[in-house]
Every structure is written in C-alpha cells, then in structure tokens.
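Have a look at the structure below before the remarks.
The values are calculated or read from the model by the stated rules, or taken from the named source; none is laboratory data. A quick note: this is a predicted structure, and the numbers were derived from the prediction, not measured. With ideal geometry, Cβ positions are generated from the backbone for all residues, glycine too; neighbour counts draw on all protein chains shown. Areas reflect the complete protein model, heavy atoms only, side chains present, ligands, DNA and RNA absent. Shrake-Rupley method; radii C 1.70, N 1.55, O 1.52, S 1.80 Å.
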Amino acid sequence: MNKNRQKATSVLIIIAMVMISLSCSTTSTSDLAGESIIPKPVSITAAQGFFELKANAAIYIQGESEELRKIGNYLADKLRPSTGFALEVITDDKVPGPGNIYLSLSGTETKPGDESYELSITKKMVHLSAKSPAGLFRGVQTIRQLLPANIELSTKQEGEWKIAAGTISDYPDYGYRGAMLDVARHFFIVDDVKRYIDLIAYYKMNALHLHLSDDQGWRIEIKSWPNLAIKGGSSEVGGGAGGYYTQEQYADIVKYANDQYITIVPEIDMPGHTNAILASYPELNCNGKATELYGGIEVGFSTLCTDKEITYKFVDDVIRELATLTTGPYIHIGGDESHVTKKEDYIPFIKRVQDIVLAHGKLVMGWDEISLSDLNPNTVAQYWSSAGNANLAVSKGAKILMSPAAKTYIDMKYDSTTVLGQKWAGYIEVDTSYIWDPATLVPGIGKDNILGVEAPLWTETITNMDELEYMVFPRLPGIAEIGWSPVSIRNWDDYRIRLGKHADRFTVMQINYYASRQVPWSENR
Ligand code: TNX
C-alpha cells in the first residue's frame, strides 16, 4: 500500500467511526432527558456518557438497616434474571468504588413517608439517595425504567445494560396515588392481587383500595361472623363460585403491599351494597329473613337495617377485626348508592359508623355521598360522581380523593368497540383519562382540598387477569402520572410518545394491553 492509499484508508476508517458513534448517540442510552419514564420525573439533567452495569457490579447499601437491605434485594431480584449477574447486596458505610449501584439515605425525613429521591448516574456509579426508604423504593422504579426493556425478562439476555448519565430529582405532587380493585363482583385470588400490586408499584402508586364486599359477595374472613365468608363469599356476578381471603391470606397481601410501600385500604361497603351480608345473617334484615345470594349487576337495592342495635354490633366486630389487619391509616366504609336507605336513617348511620372506625384507631374514607352526614375531622370523601357532594364534604372540613368516573373509572369501555366494561360514565379513551387536572376539575375544589387520585376498577364484566390488564393498561400509568408529576410538566403529546415506548415493557412483563390508536406504540402489533 502506498502512503496516499494508506492515508485515504485511515480517513475512511475515521469517517466510519464517527458515523458509528453518531448512530450510537441516537440510541436511548445517550440522553437521560429523552428517556421515557412514567410518571415523568420533576427534573432531569442530562450529562455526557453513560453507566454500564457489568457482571462484577454489586448493589451497595448504606448502613446496616434491614429495611434498606430489603430494597437492595428487591432491586437485585429485578436485575439478576435478565442480566445473569450475581449482583451481591453489600452493606457498607463507605461510598463504593466504580461500577456499582449505591443506595443511601440522606438528610432528614421532613414528613413520614416522604417519597422524594435523587438519582445520580455517572460513568462510575449509579447513586440513588432519598430521605426515606419509600423514596428509595420509588427511585428503584426509575432505575428499572432507565434500563432496556429486556431487563424485565426472567431469562438471561445478551446485551448491554447501559443507563444514560445525568441527574434526576423527583417527588410526588400528591401524597395518595392509588388503584381500586373490586374483588366482590368477581373474586381475584391472592396471586392476582400480588401481580396487580407489582404492576401499580412500577408506576409509583402507593395505595391499593380493595372493595371487599358488595351485593354479590363478601371476601374477607371475619372470625366473629364466620358465615359472611362461608355463605356470603360463595357467590359472584354470573353465578361463579366466588371466594374469600382468610385472615392469614389477607395479612399476606397487606405485607406484600407494604414491602413495596403500598398501603392497602380495605372497604366494607354499607349500608347499601350489602346483599351478601343480608343473605348470610337473617338478623341483619329488618324483616329478620335472609335474602337470596345475588349474581346480577343491579345496584342500589339492599340496605342494612339501620334501626337494629345488632347492626352496630356487627359493624363494630367487623371493623375491629379489619383494623387489626390494617397497617395503613384508613378504613373505607363505602356509603354509595344507598338508594333504599331513607335519608334520615342514612345520615345517623354514617355518623355512627365513622365513630366506630375512629374508636378502632383508623380514619374514615367513604364515597362522596357520605358528605350528607356529619363528617369527623380527617374523614376523606372519595369524589366519583357528585360535585355537589364533594363540595359539601370540603365545606365540612374533609379532604377529597379524586376518582371522577368520567376520567378514572377504568372499567369504562375505551370506545364503542370495546367488548369488556361499562359505559354509563362515557367512553374513556387514553387521552380522556390523561388530559385533566385534579386541582381544577371540580369548581370549588383546589389542590389544598385534595388528598390524591385513585383509579377504580369495578369488575362486573371483568373475570380474570387478562381482562383486568386490558382495562388497566394503558390508562393506569397515565393516572399514576397525574398523581405524581406536577401539571406544569404534563402534556399529552409528550406523554403519548413516552407511553408508546412502554409497549416493549408491557410485552416483556406479559401485560395484556389495549393498543389504542392514539398512541405510537414502539413495537408492531
Ligand atoms: C358505580 S362508583 C358504583 C359501583 C359500580 C360501578 C360500575 C360507586 C361508588 N358505585 O357499585 O360497580 O358504578 O361502573
């Protein structure tokens, strides 16, 4: 080769290298600010380069705390199967050397359950720090979402595990971000509930409200009233066998949720939506006769007998047992659609039930109708349909949990072609469920009045996990974002693109989702 040809060849090689590096710079690992994180973090600053997780990496946790070790183990469990790396979890007070992930607590927790976190990614290290373990757990979800989607697979993958460099500073807009699952209309077994917990945790939600009783079924063992579960648990919509959680199983669900910094809010709906109770104990009916079990989907036809003293003994026993199983602050007393309870009976009933809940050391949540009664301080009214009720609750000093049916009822059909679901609150396409602001939706109710947001899934038409996931995804990530990300950084055009990129994650996590045409999905379906 003569000198000139040598020169030409090296120029070509240099051009090729530049082109390769340019094309690499368009991959997702090059720009932290361009990553598709849901909920969108409050602030992201991108830097040059990336961190690469390699086989010799370990997860260091600061100090000897059992709780932090658990979070380290959780992260390791998520990353080990697909990377095939050992990812030892090491407790050490020293900042680790290069190549590792480091979880540490910093500063002082200003309020209990502070969920803020800071994530710093450099070529040398991924450092997640937070004021509380809950904040670390939320930050871990960000780390998962920053790695390639294949990180969620359960078998070893070939591939590079890179995270773009930069810093993220993040915290939630609302303290309560929840989902509700109706296990009364159709029963869902413990493993299903655990999967649902895993899925909502991925989007940084922190509450799961379980609708444990309704006309069609009673789902929690109560030792002092055993027939509730035995008889009342034996039915569901459509005539299926139903089911219930033993107290041990229920405690297991609560613990499983708590380990992911999710609070379980149990609901016993009363005085309406009570046919399963009335079928199990004749003495709770005004006429003393048990009703038939019910497998239909009508609402508003049943009521506890509010004049009988035994009704309050029943409520007291149930709430006492439930309170001992409840680690979170709230017990939900329902109170919705009591169409056959006279108003003059409903009002004192709700007042008395609130007092019972408080006497057992818990705070009250109830659907927005409870605002017709006196409300104890700290009672939360869950707005679902009546702006008047929600305003009344606020005027009585209550906070509001926002679950507007026309936006957050994820049992509503997406459009006229959706087979599952109902449509009484309207069709809810992905944009409809995303484009709203809790603080301005209901005139008279502002941010200071709002505890948070919750997406209820009623299950009259939903019978299994595949169907559940189809209704939940992709609307739930959007509602999680509404609860977490400030309205100033939320925007549908940006969100739909980020959501589209989550298709790969849905696929590897085997989530059955509705591929709305409003969203540019990242994979061909
Ligand atoms: C209304 S929302 C109900 C539920 C139904 C739901 C169906 C609320 C407090 N009550 O009993 O399951 O509609 O979408």
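All told, Ala130 meets the bar of being open to solvent by less than 10 Å² (accessible area, probe 1.4 Å), without any contact (Cβ under 8 Å) to a residue 40 or more places away in the chain and over 16 Å from Ile38 (Cα atoms).
Looking at Ala439, is it within 16 Å of the ligand (Cβ to nearest atom), touching a helix residue (DSSP H, G or I) at 6+ places or on another chain (Cβ under 6 Å) and either small (Gly, Ala, Ser) or closer than 30 Å to Pro377 by Cα (or both)?
Working: within 16 Å of the ligand (Cβ to nearest atom): no; touching a helix residue (DSSP H, G or I) at 6+ places or on another chain (Cβ under 6 Å): yes; either small (Gly, Ala, Ser) or closer than 30 Å to Pro377 by Cα (or both): yes.
So Ala439 does not fit the description; no.
Out of everything in region 255-268 that is out of contact with any strand residue (DSSP E or B) (no Cβ under 9 Å at 6 or more places or on another chain) and charged (D, E, K, R), what residue ends up being surrounded by the most Cβ atoms within 10 Å (Cβ to Cβ)? Ranking the qualifying residues of region 255-268, first place goes to Asp259.
For region 317-337, taking the residues that are open to solvent by 20 Å² or more (accessible area, probe 1.4 Å) and within 16 Å of Gly366 (Cβ to Cβ), the one that is farthest from the ligand (Cβ to nearest atom) is identified as Pro329.
How about region 77-170: which strands (runs of 3 or more DSSP E) wholly inside it have at least 1 residues that are of a type in the set (Gly, Ala, Ser)? Step through it out loud before you land on a result.
On the way: elements: 89-91, 100-105, 117-121, 125-130, 161-170.
Those strands (runs of 3 or more DSSP E) span 100-105, 117-121, 125-130, 161-170.
Taking each residue of region 269-281 that is over 15 Å from Ile222 (Cα atoms) and open to solvent by less than 10 Å² (accessible area, probe 1.4 Å) and looking for partners that are more than 12 Å from the ligand (Cβ to nearest atom) and of a type in the set (Lys, Arg) with beta-carbon atoms closer than 8 Å, six or more apart or interchain, yields Ala279/Lys231. Kindly indicate the residue of region 404-442 that is in contact with a Ser or Thr (Cβ under 6 Å, 6 or more places away or on another chain) and small (Gly, Ala, Ser) and also farthest from Glu369 (Cα to Cα) among those meeting that condition. Of everything passing the filter in region 404-442, Gly421 is farthest from Glu369 (Cα to Cα). All of (1) more than 16 Å from the ligand (Cβ to nearest atom); (2) open to solvent by 50 Å² or more (accessible area, probe 1.4 Å); (3) in contact with a strand residue (DSSP E or B) (Cβ under 7 Å, 6 or more places away or on another chain) hold for Gly397 with one exception: (3). Leu208 meets all of the listed conditions (1) open to solvent by 10 Å² or more (accessible area, probe 1.4 Å); (2) in contact with a Ser or Thr (Cβ under 9 Å, 6 or more places away or on another chain) but one, namely (1).
Residues in region 282-297 that are without any contact (Cβ under 8 Å) to a residue 24 or more places away in the chain and either buried (at least 19 other Cβ atoms within 10 Å of the Cβ) or not acidic (Asp, Glu) (or both): 8 in all. Residue check: is Gly421 more than 16 Å from the ligand (Cβ to nearest atom) and either of a type in the set (Lys, Arg) or out of contact with any Cys (no Cβ under 7 Å at 6 or more places or on another chain) (or both)? Spelling it out, it is not the case that Gly421 is more than 16 Å from the ligand (Cβ to nearest atom) and either of a type in the set (Lys, Arg) or out of contact with any Cys (no Cβ under 7 Å at 6 or more places or on another chain) (or both). Among all positions in region 172-183, there is no residue which is touching a helix residue (DSSP H, G or I) at 6+ places or on another chain (Cβ under 8 Å), assigned to a helix (DSSP H, G or I) and open to solvent by 20 Å² or more (accessible area, probe 1.4 Å).
Would it be correct to say that Lys94 is among the basic types (Lys, Arg), farther than 19 Å from Ile163 by Cβ and loosely packed, with under 13 Cβ neighbours inside 10 Å? It is true that Lys94 is among the basic types (Lys, Arg), farther than 19 Å from Ile163 by Cβ and loosely packed, with under 13 Cβ neighbours inside 10 Å.
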